[in-house]
Amino acid sequence: MSRPNYLQAVKKRIEAAPNGFVFVAADFADVAETQRISDCLYRLEKEKIILRVLFGVYYKPEYSSLLGEYIAPAPDAVAHAIARNFGWTIVPCGDTALNLLGLSKQVPAVWSYVSDGAYKEYSFDSTTIKFKRTTNKEISKLSPKTALVIQAIKALGKEHVTDEIIEKIRSETSAGERTTMRKEAQYATAWIYGIIKVICR
């Protein structure tokens, strides 16, 4: 009986992934145990098939012929890879939530997330990712879009949620997402839920 070729299995999956894909050993848990996967990723890094972002976090490089260099991975993708590695639930908050929802074009100085995990901060290249622990009530049992909208509204503040903002959020969500959001957000702070009900009309 031949031994499984774990390296080939990991390599094949990475090759099938889009350029810029960010991953951790936990993403290959169905292939082999963590240490064996870590060894495979180390070898693939040495072969320049993948690049390391942080300890234990890698990405499939995307080369820009225009810039003449590799493009750094998306901070949000790195944040979610870290979260998967630790089994955390995370939601973008503050300026990060506003940027990802299209309510702000300003790139966040720090990519911030509320989490049910530990307080942690990571830096790579010129990017900083910060995780802040919060109550599970703010993030658990919520779909990603509902949680993102709640955090964005919270970041804006009640007095800054204009009709234009409401229309923008409505345009960034599907009818199905709005139906789900109205149901899920009923336990949010009263003023936030009031705004979400307007968005979901």
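We did not get these values from a lab; they are worked out from the coordinates using the rules stated. Not measured: the values here are computed from a predicted model. Note that each Cβ is placed from the backbone with ideal geometry, even for glycine, and that neighbours are counted across all protein chains shown.
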Exercise for review: Within the stretch 11-48, count every residue that is of a type in the set (Asp, Glu) and part of a helix (DSSP H, G or I).
Suggested key: 4
Review point. Taking the stretch 50-79 on its own, how many of its residues are assigned to a loop (DSSP other than H, G, I, E, B), surrounded by fewer than 18 Cβ atoms within 10 Å (Cβ to Cβ), under 23 Å from the mean Cα position of the chain (by Cα) and hydrophobic (A, V, I, L, M, F, W, C)?
Key: 3
Practice item. Answer with yes or no whether Asp125 is on the phi < 0 side of the Ramachandran plot and acidic (Asp, Glu). Key: no
Review point. Are any of the residues in the stretch 20-27 over 30 Å from Thr135 (Cα atoms) and among the charged types (D, E, K, R)?
Key: no
Check your understanding: Checking Val161 against (1) buried (at least 19 other Cβ atoms within 10 Å of the Cβ); (2) under 23 Å from the mean Cα position of the chain (by Cα), which single condition isn't satisfied?
Key -> (2)
Exercise for review: Specify which of the listed residues (Tyr187, Tyr119, Tyr193) is closer than 30 Å to Phe86 by Cα and over 19 Å from the mean Cα position of the chain (by Cα).
Suggested key: Tyr187
Revision key, fill the gap. Taking the stretch 153-201 and keeping residues within 17 Å of Lys105 (Cα to Cα), assigned to a helix (DSSP H, G or I) and without any contact (Cβ under 8 Å) to a residue 60 or more places away in the chain leaves Ile153, Leu156, His160, Glu164, Ile166, Glu167, Ser171
Check your understanding: Which residues, taken from the stretch 109-125, are in a loop (DSSP other than H, G, I, E, B) and either crowded, with 20+ Cβ neighbours inside 10 Å or out of contact with any helix residue (DSSP H, G or I) (no Cβ under 7 Å at 6 or more places or on another chain) (or both)?
Key -> Ala109, Val110, Ala118, Tyr119, Asp125
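Of everything in the stretch 18-29, what is surrounded by 14 or more Cβ atoms within 10 Å (Cβ to Cβ) and either touching a residue at least 40 places away in the same chain (Cβ under 8 Å) or over 19 Å from the mean Cα position of the chain (by Cα) (or both)? Give them in sequence order.
Matches in the stretch 18-29: Gly20, Phe21, Val22, Phe23, Val24, Ala25, Ala26, Asp27.
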Study note, to complete from the structure: If we ask which residues in the stretch 30-49 are surrounded by fewer than 11 Cβ atoms within 10 Å (Cβ to Cβ) and within 16 Å of Arg84 (Cβ to Cβ), their number turns out to be 1
